[in-house]
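The values are calculated or read from the model by the stated rules, or taken from the named source; none is laboratory data. Since the model is a prediction, treat every value here as computed from it, not as a measurement. No Cβ is skipped: glycine too gets one built from the backbone with ideal geometry, and neighbour counts run over all protein chains shown. Quick note on the areas: whole protein, heavy atoms, side chains included, nothing else; ligands and nucleic acids left out. Shrake-Rupley method; radii C 1.70, N 1.55, O 1.52, S 1.80 Å.
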Amino acid sequence: MPSANPVYYAENLYLNGELIEDLVIPEGVTTLGSKILEGNTTVKEVVIPLSVTDFGGTPNAAGTGASGGMFYKSAVEKVVLPEGWTEIPVAAFNQASQLKEVNIPASVTTIGINAFAGTGLETLIVPETVKEIGYGAFR
């Protein structure tokens, strides 16, 4: 019986021998590790569940920047976030230079430090519900 766990080889992600382009994170996952898609060239779209609260980004001691994040230097172009989310985490999409599209749900009230720093976003609609935007969020 083939493994149901994703296997990462160099810049490609496989599941049961199939190359992954669209990655759906299962409900129940709470933390996505820092830089887990770094260098990946095949995953283009990621769907994040409501259960995720941490993208692995790390703020610096001064609170003026952050590094890491799941999408750091990845080829991801689109991320789908669920309604009900309240915060875009610190460095969530930091240095995801290929990122073109992210929906920010109307439930979001906070955008973390360096959340979108170094992305390839051309357009981003920030809902009126956002009350706090962290340092360098769109650097």
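When you check Val90 against the structure, is it open to solvent by less than 60 Å² (accessible area, probe 1.4 Å), β-branched (Val, Ile, Thr) and within 18 Å of Asp22 (Cα to Cα), yes or no? Before you say what the answer is, go through the steps one by one.
On the way: open to solvent by less than 60 Å² (accessible area, probe 1.4 Å): yes; β-branched (Val, Ile, Thr): yes; within 18 Å of Asp22 (Cα to Cα): no.
Answer is no for this residue.
Within the range 123-134, at least one residue is within 15 Å of the chain's Cα centre (by Cα) and either within 22 Å of Asp22 (Cα to Cα) or at pLDDT 95 or above (or both). Cβ-Cβ contacts under 8 Å between residues 6 or more apart (or on different chains), taken from a first residue in the range 53-64 that is without any contact (Cβ under 8 Å) to a residue 12 or more places away in the chain to a second residue that is open to solvent by less than 60 Å² (accessible area, probe 1.4 Å), are listed as Asn60/Ala66. Taking the range 101-120 as the range and being in contact with a strand residue (DSSP E or B) (Cβ under 8 Å, 6 or more places away or on another chain) and surrounded by fewer than 15 Cβ atoms within 10 Å (Cβ to Cβ) as the test, only Thr109 passes.
With respect to (1) farther than 25 Å from Gly136 by Cα; (2) modelled with pLDDT under 85; (3) not basic (Lys, Arg), the lone exception for Gly28 is condition (2).
Just give me the residues in the range 53-63 being open to solvent by 10 Å² or more (accessible area, probe 1.4 Å) and either in a loop (DSSP other than H, G, I, E, B) or under 15 Å from Ile20 (Cβ atoms) (or both), in sequence order. Working first, answer last.
Taking the range 53-63 and keeping what is open to solvent by 10 Å² or more (accessible area, probe 1.4 Å), we get 53-54, 56-63.
If the condition is that a residue be open to solvent by 10 Å² or more (accessible area, probe 1.4 Å) and either in a loop (DSSP other than H, G, I, E, B) or under 15 Å from Ile20 (Cβ atoms) (or both), then Thr53, Gly56, Asn60, Ala61, Ala62, Gly63 are the ones that fit.
In the set Leu23, Leu37, Leu50, only one residue is of a type outside the set (Val, Ile, Thr), surrounded by 13 or more Cβ atoms within 10 Å (Cβ to Cβ), modelled with pLDDT of 90 or more and farther than 19 Å from Ala137 by Cβ; that residue is Leu50.
Is it fair to say Ala91 is assigned to a loop (DSSP other than H, G, I, E, B) and in contact with a strand residue (DSSP E or B) (Cβ under 6 Å, 6 or more places away or on another chain)? If you could, list the steps in order and put the result at the bottom.
Working: assigned to a loop (DSSP other than H, G, I, E, B): yes; in contact with a strand residue (DSSP E or B) (Cβ under 6 Å, 6 or more places away or on another chain): yes.
Spelling it out, Ala91 is indeed assigned to a loop (DSSP other than H, G, I, E, B) and in contact with a strand residue (DSSP E or B) (Cβ under 6 Å, 6 or more places away or on another chain).
Suppose we filter Leu37, Leu124 for residues that are aliphatic (A, V, I, L, M), in a loop (DSSP other than H, G, I, E, B) and within 18 Å of Val24 (Cα to Cα); which single one remains? None of the others qualify; the one that does is Leu37. Counting the residues of the range 64-75 that are buried (at least 24 other Cβ atoms within 10 Å of the Cβ) and either over 9 Å from the mean Cα position of the chain (by Cα) or closer than 20 Å to Glu132 by Cβ (or both) gives 3.
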